[in-house]
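Notes to accompany the following structure.
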Amino acid sequence: MKKILSIILCAAMLCALTTGIAGCSGGGAESKGEVNVYNWGEYIAAGQDGLMDVCEEFEKETGIKVNYTTYETNEELYSMLKQSNVSYDVIVPSEYMISKLIKENMLQELNFDNIPNYANLDERFKTLAGDPEGKYTVCYNWGVTAIVYDKTKVENKPRDWDALWDETLEGEILMFNNSRDAMAIAMQLCGIDPSKCTKEDVDKATEKLKEQKPLLKKYVMDQVFNEMEGSQSAIAPYYAGDIAMMMEENEDLDYCLPESGSNLFYDAFCIPTCSKNKENAEAFINFMHKPEIAAENCKYLRYGTPNTKAIELLDDEIKNSELTFPSEDYLKKCYVFADVDEDVYAYMQEKFVEIQAN
Amino acid sequence: MKSKKLSLPYIAWMLVFTMIPLVMIGITAFKDRQGNFSLEPFANAFGYSGVFFKSLWIALLSTLICLVLAYPLAYLLTRMKKSSQNLIQMLLMIPMWMNFLLRIYAWVILLQKNGPLDTALSLLGIHGTYIGNTGAVVVGMVYEYLPFMVLPIYTVMSKIDTGLIEAAQDLGSNGAQVFGRVIFPLSLPGVISGITMVFVPSASTFLVSQYLGGTDDIMIGDVIDKIFWTDSNTGSAISLVLMVFIFVFLVIMNLFGDEEAIA
């Protein structure tokens with residue numbers, strides 16, 4: 001049921017997206033009182049489940065009008081910035097896209113005097129790979145990838161990524177339908193550090209994934225919610241925050257943070273060079289890191305917030321969840337999958353399609 | 001002169017939304033990543049020939065099943081009272097008012113484990129998996145495109161002059177002969193446009209197989225979708241090859257009818 005609702009929401013957002021693009025590229029940009037925010041779909045508290053509508057709250061407080069539009073992939077964001085004549089003020093790319101945008105001079109340096117709430121952020125999340133000097137980004141959310149499994153179907157408690165290659169679960173295993181996440185898991189199993197991978201490493205990971213394919217039920221992204229919540233499959237890798245959500249829907253589910261470590265991903269607020277309302281953008285970023293606002297977003301998303309003051313405002317249940325906030329020790333075993341060479345990245349994508357096509 | 005002026009907006013439309021994109025796809029397909037002329041995208045595209053033929057096969061199968069289901073329905077429709085004709089036409093159309101993804105998603109729920117179909121068949125002692133295979137993809141496609149087969153056939157059939165049928169009967173034809181020598185030949189234009197309207201979109205469709213198929217049921221539309229973001233050259237080359245295949249198909253269809261398929 002929830003899934004159907006989310007599809008309806010997606011459809012609604014798509015409509016919003018198309019109309020939004022028209023709106024952004026048209027007028028508006030030069031008038032002072034606006035901020036054009038381009039964020040991931042369903043990636044902000046917007047009045048769901050009795051939560052605050054964050055954008056509305058921002059408009060009330062500052063009088064700046066928020067033009068909110070969404071995208072589904074980093075690549076979509078990139079091609080929108082690169083190829084169309086749009087003006088966005090705040091974007092929320094992931095780590096690897098951040099390093100690419102910085103390399104191509106597509107981001108503006110931030111004026112942190114306008115973002116006093118930056119002080120609320122944990123130091124760890126101020127200089128992540130992708131933007132190691134912390135000049136262009138303010139981390140929004142972070143998380144790790146983990147394993148979700150159905151206790152009634154999986155006998156041996158999974159400990160590490162190799163559980164996704166378990167032959168006894170043939171036909172019940174799901175895998176990321178996304179080259180980066182799938183390849184990262186395979187590389188870890190081959191003993192390769194994904195953040196330093198080369199084309200040869202991609203080849204090895206490809207072999208590993210080919211080995212896994214006959215055991216799989218499906219390559220999925222959003223469908224994982226239906227599959228796992230509806231007890232259709234036994235085990236799947238996914239983003240830890242989302243696993244917390246799934247576990248609320250189905251008591252049979254449990255999770256595992258893989259022993260060998262995991263991918264620490266994050267999305268951060270940035271201001272692209274096409275922005276025409278930089279100060280409003282900074283005001284928006286600042287607002288998003290007010291402790292109560294960041295807490296509200298965290299309650300909705302269940303991804304970790306880097307905002308230490310916001311964490312204090314959360315219920316114990318969320319605050320103590322390993323899925324939302326993995327322990328310090330665990331984070332030491334994680335790597336950030338940023339700054340992969342353009343060629344290697346394209347090769348990875350190509351190889352992943354090849355795995356699926358053959 | 002007047003008609004020429006009237007057609008200007010359409011010419012502009014076709015230029016902007018058909019010709020220019022086509023030329024751009026054409027140019028992109030013949031470039032390598034650095035932007036130099038290259039046949040490499042086509043070499044890459046041929047790496048996906050397996051998916052290609054599987055997609056065309058799925059599309060062909062879906063089209064055939066649609067035809068087999070739609071033709072008798074269209075025929076029966078024309079012989080009903082006008083009011084029932086309208087009602088049934090309406091019922092055929094209503095699902096199309098709903099979002100495409102929702103309809104496919106409904107099929108996921110129908111076919112999944114412990115779903116309605118599985119539960120019903122289990123009661124009869126039949127156990128099986130009904131989703132995650134090519135069959136499920138074909139079912140989804142047939143469901144999706146059936147109205148596009150029924151409606152053109154029905155439209156053409158309902159225009160057949162009843163005088164012709166009566167004349168055939170007067171001249172001594174029995175039911176089968178009337179059908180075989182009058183109704184069927186006259187309905188062919190509808191059949192051909194039905195086949196075109198089902199085959200062309202189903203050959204290039206995507207998402208259906210991602211929802212209903214298993215790991216081996218990826219279709220060429222999905223490959224284009226996946227590869228285009230990082231390698232638009234190969235993506236363009238694949239879609240160009242797909243266009244050529246579809247064009248050839250349409251030309252063959254044309255041999256059967258009077259230029260109905262393309263024009």
Through the Karplus equation 6.51 cos²θ - 1.76 cosθ + 1.60, θ set to phi - 60°, convert the phi angles of the range A:143-150 into ³J(HN,Hα) values in whole Hz; use x for Gly and Pro.
x, 10, 8, 8, 10, 10, 9, 9
Out of A:ASN177, A:ASN156, A:ASN67, a Gaussian network model of chain A with alpha-carbon springs under 10 Å gives the largest mean-square fluctuation to A:ASN156
If you take the charge dipole of the range B:1-126 about its Cα centre, with +1 on Lys and Arg Cβ and -1 on Asp and Glu Cβ, which of B:SER83, B:SER38, B:ILE20 is farthest toward its positive end?
B:SER83
Convert each backbone phi in the range A:115-131 into a coupling constant with the Karplus relation 6.51 cos²θ - 1.76 cosθ + 1.60 (shift: θ = phi - 60°), then list the ³J(HN,Hα) values in order as whole Hz, x for Gly and Pro.
10, x, 5, 4, 5, 6, 7, 4, 3, 3, 9, 8, 10, 6, 4, x, 9
Quick one: putting +1 on the C-beta of Lys and Arg, -1 on the C-beta of Asp and Glu, what dipole do you get for chain A around its Cα centre, in Debye to the nearest 20?
600 debye
Please name the residues of the range B:222-258 whose accessible area, counted over protein heavy atoms with a 1.4 angstrom probe, falls by no less than 50 Å² between the chain alone and the full protein assembly.
B:LYS226, B:TRP229, B:THR230
Please work out, to two decimal places, the log10 of the ratio I(q)/I(0) at q = 0.10, 0.14, 0.16 Å⁻¹ from a Debye calculation in which every Cα of the range B:48-256 carries one identical scatterer.
-0.55, -0.94, -1.10
Low-density loop trypsin sites (Lys or Arg not before Pro), the range B:1-93, at most 12 other Cβ within 10 Å, DSSP non-H/G/I/E/B, are B:ARG79, B:LYS81
Give the carbon-plus-sulfur fraction of the accessible surface of the protein assembly as shown in %, rounded to a whole number; probe 1.4 Å, heavy atoms of protein chains only.
60 percent
Dipole of the protein assembly as shown, Cα-centred, from +1 at each Lys and Arg C-beta and -1 at each Asp and Glu C-beta, to the nearest 20 debye?
2560 debye
Say R0 is 30 Å: what FRET efficiency, to the nearest 0.05, do A:ARG159 and A:ASP315 get from their beta-carbon distance?
0.55
Between the range A:61-98 and the range B:105-143, how many Å separate their Cα centres?
40 Å
Taking each residue in B:107-118, count the Cβ atoms of any other chain within 10 Å of its Cβ, then average. What number comes out?
2
Under Stokes-Einstein, the protein assembly as shown at 37 °C and 0.692 mPa s, with its Kirkwood radius over C-alpha pairs, diffuses with a coefficient in µm²/s of 120 µm²/s
Residues listed by number, the range B:135-151, amide nitrogen under 20 Å from B:ILE126 label point at 7 Å toward C-beta:
B:135-143
Chain pair B, A: how much accessible area is buried, both chains summed, with a 1.4 Å probe, in Å² to 100?
2400 Å²
Set of the range A:107-146 residues, backbone N closer than 19 Å to the point 7 Å along the Cα-Cβ line of A:LYS278
A:107-118, A:133-139
Could you compute how much accessible surface B:SER173 exposes when probed at 1.4 Å, giving the result in Å² to the nearest 10?
40 Å²
Buried by at least 20 Å² relative to the chain on its own: which residues of the range A:322-358 qualify, computing accessible area with a 1.4 Å probe on protein heavy atoms?
A:ALA346, A:GLN349, A:GLU350, A:VAL353, A:GLN356, A:ALA357, A:ASN358
Which residues in the range A:287-301 have a backbone N closer than 19 Å to a point placed 7 Å from the Cα of A:LYS126 along the Cα-to-Cβ line?
A:287-291, A:294
Probe 1.4 Å, heavy atoms of protein chains only: per residue, the accessible area of the range B:48-256 in Å² is 48 Å²
Projecting each Cα onto the charge dipole of the range B:48-256 (Lys/Arg +1, Asp/Glu -1 at the beta carbon, about the Cα centre), which of B:PRO95, B:LEU207, B:MET157 comes out farthest on the positive side?
B:MET157
Among DSSP bridges having both ends in the protein assembly as shown, what percentage is antiparallel? Round to the nearest 5.
60 percent
Chain B, dipole about Cα centre (Lys/Arg Cβ +1, Asp/Glu Cβ -1), debye to the nearest 20:
620 debye
Counting only GluC sites (Glu not before Pro) that are in a DSSP loop and have at most 11 other C-beta atoms within 10 Å, tell me the longest site-free stretch of chain A.
A:252-358
Let me know the mean shielding of B:121-134 by other chains, meaning the per-residue number of their Cβ atoms within 10 Å of its Cβ.
1
What does the accessible area per residue of chain A come to in Å², with a 1.4 Å probe and no ligands, DNA or RNA counted?
40 Å²
Quick check: the distance between the Cα centres of the range A:187-228 and the range A:285-347, to the nearest angstrom?
24 Å
May I ask which residue of A:ILE318, A:ILE192, B:MET219 lies farthest towards the positive end of the charge dipole of the protein assembly as shown, with charges of +1 (Lys, Arg) and -1 (Asp, Glu) on Cβ and the Cα centre as origin?
B:MET219
Dimensionless Rg/Rh of the range B:145-263, both radii on Cα and Rh by Kirkwood, sits at 1.17
Could you give the semi-axes, largest first, of the ellipsoid that matches the range B:204-256, computed as the square roots of 5 times the alpha carbon gyration tensor eigenvalues and rounded to whole Å?
24, 17, 6
Which residues of the range B:1-49 bury at least 50 Å² of accessible area once all protein chains are present, versus their chain alone (1.4 Å probe)?
B:ARG33, B:TYR48
What spacing in nm lies between the two simple spin-label points modelled at A:GLU76 and B:ARG181, each 7 Å away from Cα in the Cβ direction?
5.9 nm
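The values are calculated or read from the model by the stated rules, or taken from the named source; none is laboratory data. Since the structure is predicted, the reported quantities are computational estimates derived from the model, not experimental observations. As a convention, Cβ positions derive from the backbone with ideal geometry for all residues, glycine included, and neighbour counts pool all protein chains shown. Please note that ligands, DNA and RNA were not included when accessible areas were found on the heavy atoms of the full protein model with its side chains. Shrake-Rupley method; radii C 1.70, N 1.55, O 1.52, S 1.80 Å.
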